[in-house]
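Written out below as C-alpha cells is the structure these notes cover.
Only the coordinates and a few stated rules stand behind these numbers; no lab work does. Here the structure is a predicted model, which is why all the values come from computation and not from measurement.
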Amino acid sequence: DQKTGMLDISVDDAGPGIPSDLHEEAFRPFRRLCDDEASIDGTGLGLSVARSIARSLGGDVTLENRPSGGLRVSVSIPLQG
C-alpha cells in the first residue's frame, strides 16, 4: 500500500479457527494447537518463524478469526524504497 508504506498480505482458511485467547500461544515455537497432534504433519515452527522474520523487517504477523469461519493470518512489512 503506497499510502501506508506497508506490504500487507492476508491468507484465509476455512478451518475451525483458533480461540482468540490462544492466538499468541500459536506463535510459540514447536506449539501446535490441536487435540490430536499425531494426525498433523509439521513441527509447529511456521508461525513463529514467519513472525520473527516479519518483526526483523519492522513488520508483524497477526491472527484473526473470520466472522464467516476460519482464520485470517495477516503479514505486514514496510516497503523498502
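Observations, loosely collected:
- Cut-off under 5 Å, modelled amide H: who pairs with Met6 long-range: Leu79
- In order through the range 70-77: 3J(HN,Hα) via Karplus (6.51 cos²θ - 1.76 cosθ + 1.60), integer Hz, x for Gly, Pro: x, 10, 10, 9, 10, 10, 9, 9
- Long-range amide H partners of Leu57 with built H, under 5 Å: none
- Amide hydrogen neighbours beyond the local backbone of Arg66, cut-off 5 Å, H modeled: Leu71, Arg72
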